[in-house]
Amino acid sequence: MNIQVVKIKDIKSNPSNPRVIKDEKFQKLCESIKAFPKMLELRPIVVNDDMVVLGGNMRLKALTHIGLKEAPVIKASDLTEEQQRQFIIKDNVGFGEWDWDLLANDWDSSELEEWGLDVWQPPTDADYSILDEDDIESQLDEMAGGVRKAIQIEFEPDHYDEAYELVKFWREREAYVGAMLIEYLKAEKDKL
């Protein structure tokens, strides 16, 4: 593969990239690029033939943020569409943070797990009756088909403090809250 230096304005950020680096970690990335710009030559941004980033979205964001005009890239012209999707995940398994909503809606969890990402797997015996919806089966089918949905759960006033503490506990640990909350509510329902 041949490294090319291109104008940053010609590189397109990947809107389907589920990886983000926020705040302090993003600032550290910017500082590391400023302190060691040779790193970019050693680890160029990987793009497809349309110049869409497959690996290096956060580096591209950092380069733009610090005002650089050019960046080294490697074109991954020989990758199939499926290999490009795999590359996006496998290139970043150990770095940054994940956008869990984007992963849940746009990626197959079994593939993500196969590629080395620890993902939440829904239990096979989940009881969704606690959602108390008339047409839950068709809604779940739509969700499985990639349609984004939100679930609203109403609490009785005497359960609010407990539910609040549970959500707070898992968010502090940067965990995906939805499934854990549903499992907890199911367990509480079973106690009644």
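Values in this text are rule-based calculations from the coordinates and carry no lab data. Predicted model only: the values in this text are computed from it and were never measured. In this analysis, Cβ positions are derived from the backbone assuming ideal geometry, glycine residues included, and neighbour counts consider all displayed protein chains.
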Item to check | 13 Å beta-carbon shell around Glu24, net charge (K/R +1, D/E -1) | outcome: 0
Item to check | Cβ-derived FRET efficiency at R0 45 Å, Tyr164 paired with Lys38, nearest 0.05 | outcome: 0.35
Next on the checklist: For segment 3-114, what does the convex hull of the Cα positions come to per residue, in cubic angstrom?
Outcome noted: 104 Å³
Checklist entry - So which trypsin sites (Lys or Arg not before Pro) in segment 1-103 pass both tests, a DSSP loop state and at most 13 other Cβ atoms within 10 Å of the Cβ? => result Lys22, Lys69
Next on the checklist: Using 22 Å as the Cα-Cα cut-off, could you pick out the over-long pairs in Lys61/Lys168; Lys28/Lys168; Lys12/Lys69; Lys9/Lys61; Lys25/Lys75?
Outcome noted: Lys61/Lys168; Lys28/Lys168; Lys25/Lys75
Next on the checklist: As an exercise, identify the chymotrypsin sites (Phe, Trp or Tyr not before Pro) in segment 40-115 lying in DSSP coil whose Cβ has no more than 13 other Cβ atoms within 10 Å.
Outcome noted: Phe95
Checklist outcome for this item: Quick note on Leu112, Leu166, ordering by fewest other C-beta atoms within 10 Å, gives Leu166, Leu112
